[in-house]
1. If we keep just the residues of segment A:165-190 that are within 19 Å of A:T237 (Cα to Cα) and touching a Gly at 6+ places or on another chain (Cβ under 8 Å), which is surrounded by the fewest Cβ atoms within 10 Å (Cβ to Cβ)?
2. From the list A:G381, A:G335, A:G405, A:G370, pick out the single residue that is assigned to a loop (DSSP other than H, G, I, E, B) and in contact with a Pro (Cβ under 6 Å, 6 or more places away or on another chain).
3. Quick one: which strands (runs of 3 or more DSSP E) sit completely within segment B:142-230 and have at least 1 residues that are touching an Asp or Glu at 6+ places or on another chain (Cβ under 8 Å) and within 14 Å of chain A (Cβ to nearest Cβ)?
4. Return yes or no: is A:R119 touching an Asp or Glu at 6+ places or on another chain (Cβ under 8 Å) and crowded, with 18+ Cβ neighbours inside 10 Å?
5. Within the bounds of segment A:95-102, is there any residue that is in a loop (DSSP other than H, G, I, E, B), farther than 25 Å from A:F159 by Cβ and modelled with pLDDT of 95 or more?
6. Is one or more of the residues making up segment B:254-263 surrounded by fewer than 24 Cβ atoms within 10 Å (Cβ to Cβ) and free of Cβ contacts under 8 Å to residues at least 40 places away in the same chain?
7. State all residues of segment B:375-387 that are surrounded by fewer than 18 Cβ atoms within 10 Å (Cβ to Cβ) and within 14 Å of chain A (Cβ to nearest Cβ); if no residue qualifies, say none.
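The values are calculated or read from the model by the stated rules, or taken from the named source; none is laboratory data. Predicted model only: the values in this text are computed from it and were never measured. Don't worry about glycine lacking a Cβ; one is built from the backbone with ideal geometry, like all the others, and counts go over all protein chains shown.
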2 protein chains.
Amino acid sequence: MFEEKTFQPDWTEKAPEKGSYRSIFKWGSPDEFKHPNSAWYAMLKEEFKMTDKDFKKPTLEGNEKVVIKKKIKLTKKKISQFIDIVGEKNVATDDYSRVKYSHGKTVDEAMDLRNHVVRDVPDIVVHPRNKKDVQKIVEYCNTQKIPIYVFGGGSSVTFGLNTPKAGVMLVMSTHMNKLLSINELNQTATVQPGMFGPAYEKALNNPPKKFKVKGQYTCGHFPQSFEYSTVGGWVVTLGAGQASTYYGDAYDIVFAQEYVTPAGTFRTLEYPATATGPKVNDIMKGSEGSFGILVEVTMKIFRNMPQNRQRFAFMFPTWEKAVNASREIIQGEFGKPAVFRISDPEETEVGLKLFGLQGTPIDSLINLRGYKPMKRCMCMGWAEGEKGFAKHVKEQVARLCKKYGAMTMTGFTAMLWEKTRYKEPYMREDLMDYGVIIDTVESGVTWANLHRLHQGVRSYIKNRPETICMTHASHFYPQGTNLYFIFILKMIDLEAYRQFHDGILDAILKHGGSISHHHGVGKLFAPLMEKHLGKEQMAVLRTLKKHFDPNSIMNPGGHLGLDL
Amino acid sequence: MFEEKTFQPDWTEKAPEKGSYRSIFKWGSPDEFKHPNSAWYAMLKEEFKMTDKDFKKPTLEGNEKVVIKKKIKLTKKKISQFIDIVGEKNVATDDYSRVKYSHGKTVDEAMDLRNHVVRDVPDIVVHPRNKKDVQKIVEYCNTQKIPIYVFGGGSSVTFGLNTPKAGVMLVMSTHMNKLLSINELNQTATVQPGMFGPAYEKALNNPPKKFKVKGQYTCGHFPQSFEYSTVGGWVVTLGAGQASTYYGDAYDIVFAQEYVTPAGTFRTLEYPATATGPKVNDIMKGSEGSFGILVEVTMKIFRNMPQNRQRFAFMFPTWEKAVNASREIIQGEFGKPAVFRISDPEETEVGLKLFGLQGTPIDSLINLRGYKPMKRCMCMGWAEGEKGFAKHVKEQVARLCKKYGAMTMTGFTAMLWEKTRYKEPYMREDLMDYGVIIDTVESGVTWANLHRLHQGVRSYIKNRPETICMTHASHFYPQGTNLYFIFILKMIDLEAYRQFHDGILDAILKHGGSISHHHGVGKLFAPLMEKHLGKEQMAVLRTLKKHFDPNSIMNPGGHLGLDL
């Protein structure tokens, strides 16, 4: 069907107007786009009973200039204090800054901004130049009880940047975005929190001469938001990168941290391991700005050997077999692949469409060999590290995939995915221009509970008519994995969407998933925290909150569920 | 010299008398012994200017029956409350129990007990049968403000069992020592905290039928105290096993924990990873009974494939080359060896004596090939896991060792070490019977700081005349390792020894080592905690203490430095 030369929507290829709502909610670079291909377009029409006519005219594009009527409650005198600290050009009070730096990439925020709805904004936006600035700001805000919020890269999908109590938004990525040092003996890099992924990785791959470094390194952390998220953001929200199965999650690759908190500034010690009681270094990870502000972080780095990458892809006859093979692989004690992903039957079909494989001779071949649509499951990934290691891991992965009835799809498929792995989020705007939402939730789960969670959440989502639900697992541990649910539906009413979304979170909790695997908590999941962790464990987090932030100025208004 | 048939001391081969002081301070099984061999005996005489005459008669053997004059301050009425909870036979008030269960294996404690000096004891010793008992005890003690201490296996070398505030000692290993379940899908085992290492490992190697488990597993955690320490002890003191380089430290292999605290009982959730804020599961690890009592723990377990073990041993020309090779190995991204150890020049010489290799043709050969005494450094270990993986790791280790000028000593040396690896502590009693102390401290350190710490601590120790100081690194991480200092000296005055020991700890702090890598903190290192961590981080630990234990009844009197 998609081969016919029929109507195709005129997907926008225009950078959003400067100062417009769209320039805030659009994913990534203003000039980059990724559009649904014709197979996807056909799928959208079919699934949502839409016609070409529905794609004639985009709606609520948000091309208008941001104008808000939100009074700045902070007095001029107080604002001048911030100007004294960081200089005039690093304090913004204009509408656009206030909106831009308090909005992340949640579907709700995009829907709101398309409708020119702005719920909360900070009074002022401040761009600190260094940790001294941050220290002065925190001290001043603490004495004056002025709320402080923090913006890194702005990629939060959990209302991580909302500012219900107004106050001050600190933008870490404007100035505090440098690599400070590389310690080649320790294999660590010390970096300012506002450094973006690509700049960080580039500096590690080919260290600037001033660092006097001989080797080439990699950060090992490649979340889908890599291009538009910061190192500090990874750490304080507990991100997980696409190669986490080998390199570990953000939690694992933090070596030492320096925080400015109302209770003081401190830097955790640099030790590979100690037995000196509970580790404050770990207590701070995932604190999402609620305890203090990360001003410097020393990360573990790894030798970069991309030339040794060993790609693979397989098609499994069923989801169960894909899961069983994955478990054997990750528990096999032969080293772990860096990237490893399995897609459930629905994601496999949608993925074949996305890769343009559906209906091709390859598709027919797979079919002929007995891998049937809506049963078969795609698996792909790669091993890396030292040459012989990567080769051996790939061989063992292949052996176990074959044991569970998989056929090889060649490393080419993994290469296709690799090329576009940061681009998928760009399609969100195209879809929403025509009233279609694409959104995701993800959850950590043990192997023993995987199928229950998958079925429970999927059946809730699929219970809604005309709803696409794709699931994959992409971060593997000997004890379990994550489930990443992507759902697509036609909907323009935010209230109705929020209700549907709440139902998904309920289904996750009900079926024993964690409320977040790597998107953090923010204010989106905050109301579920106590139910999820239990009151005793929430009490521990609240005690820590009170210790670091007795005046409740750090990211106040429900973040992490600490001050609900 | 040691080949001559000269006088050899009559090392004791008699199990200590029941009820005697010696039965408390003697390491391990009453009936097991390991004596210095003739080479070691010769070394002791030479180093400490001793003669055969000094080894004619052991002194202060502590064979006398334990008698103390310590009033029980707990009223009969209160004691009867404990009897009501656990039953009469699980409450002990006799002298022997009170001393035995409040003493660990610190040199100081052994010296004291040899002199019939008993500083602190609990009023009563209670053997809880299950977690309900523990809950009732903690609740009662909290209302009555009765101090609670906890005894696991009793192998603490940091005054971990001292009871400065008297009160109640809970012995976890009497009843709460069972494996509860194995989850084969998740590769986890749920175990009571008082289970000893060998029983735990045996049950994992060959799971009892009732668990309906097909595979064979290993705990992966083999500290030198393995035979006389408990799973709970590993977790709450942050132990590290001899195979930690591959399997991780205790911190890494804990999956979920259940604690009874004055602030409530809770169990941390079972997820392979989450992004739901700071992790209470991690906050509790290493809390050493100061926050609450670990009553159940779910540990990660691993596939057991001892048949794949690939042993190796190498001799390096210098310490620097041994260190550089180790760093390249651990940062090489080809998988990690399970056991990996390098000994500094002095330990290498003493080790060659211990293995009976000094003066043999092997020794001559090594010498001839240019590996000179007091320069050369021994390295040994093994890789394990899946067969091809273990083989590849060993090959890479060998390649890098050769790159740094090492000669192979064959896997036989590693096998020798493996056989006796839990036995060395038995020599302590033999030595102390003749006024010679053998003791250890250990510290975590980054690669960049390794030589500074090694030289700094070593030069302090060697500055004392007639003092042997051996150092090895035995737990490897990409960012650093540990340094384990073993020192032997002739000394019988406890005060003088304490002063000398304090100087070692100062030297560690001064040269940037952590005050503990895997022995925990206890009350021995407690006074150094604030200096080490800084006041801001100590304040976090104290806040947690106050939260869990507002009446300061959990392990009170300086533990972890929380209530100093």
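1. Taking segment A:165-190 and keeping what is within 19 Å of A:T237 (Cα to Cα), we get A:169-173, A:176-177, A:190.
Add one more test, that the residue is touching a Gly at 6+ places or on another chain (Cβ under 8 Å), and what stays is A:171-173, A:176-177.
Values: A:V171: 22, A:M172: 26, A:S173: 23, A:M176: 27, A:N177: 20.
Only one residue fits best here, namely A:N177.
2. Working: A:G381 fails: assigned to a loop (DSSP other than H, G, I, E, B); A:G335 fails: in contact with a Pro (Cβ under 6 Å, 6 or more places away or on another chain); A:G370 fails: in contact with a Pro (Cβ under 6 Å, 6 or more places away or on another chain).
The unique qualifying residue is A:G405.
3. Working: elements: B:148-151, B:168-171, B:179-183, B:188-191.
Qualifying strands (runs of 3 or more DSSP E): B:188-191.
4. Numbers: touching an Asp or Glu at 6+ places or on another chain (Cβ under 8 Å): yes; crowded, with 18+ Cβ neighbours inside 10 Å: no.
It is false that A:R119 is touching an Asp or Glu at 6+ places or on another chain (Cβ under 8 Å) and crowded, with 18+ Cβ neighbours inside 10 Å.
5. Keep residues of segment A:95-102 that are in a loop (DSSP other than H, G, I, E, B), which gives A:101-102.
Now narrow it down to the ones that are farther than 25 Å from A:F159 by Cβ: none.
No, because not a single residue in segment A:95-102 is in a loop (DSSP other than H, G, I, E, B), farther than 25 Å from A:F159 by Cβ and modelled with pLDDT of 95 or more.
6. Within segment B:254-263 (the criterion being surrounded by fewer than 24 Cβ atoms within 10 Å (Cβ to Cβ) and free of Cβ contacts under 8 Å to residues at least 40 places away in the same chain), the answer is no, since none of the residues qualifies.
7. Of all residues in segment B:375-387, those surrounded by fewer than 18 Cβ atoms within 10 Å (Cβ to Cβ) come to B:375, B:387.
The one that is surrounded by fewer than 18 Cβ atoms within 10 Å (Cβ to Cβ) and within 14 Å of chain A (Cβ to nearest Cβ): B:K387.
Every residue, every condition in (1) of a type in the set (K, R); (2) at pLDDT 95 or above, yes or no:
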| site | (1), (2) |
| --- | --- |
| B:K5 | yes, no |
| B:E13 | no, no |
| B:R22 | yes, yes |
| B:W27 | no, yes |
| B:V67 | no, yes |
| B:Q81 | no, yes |
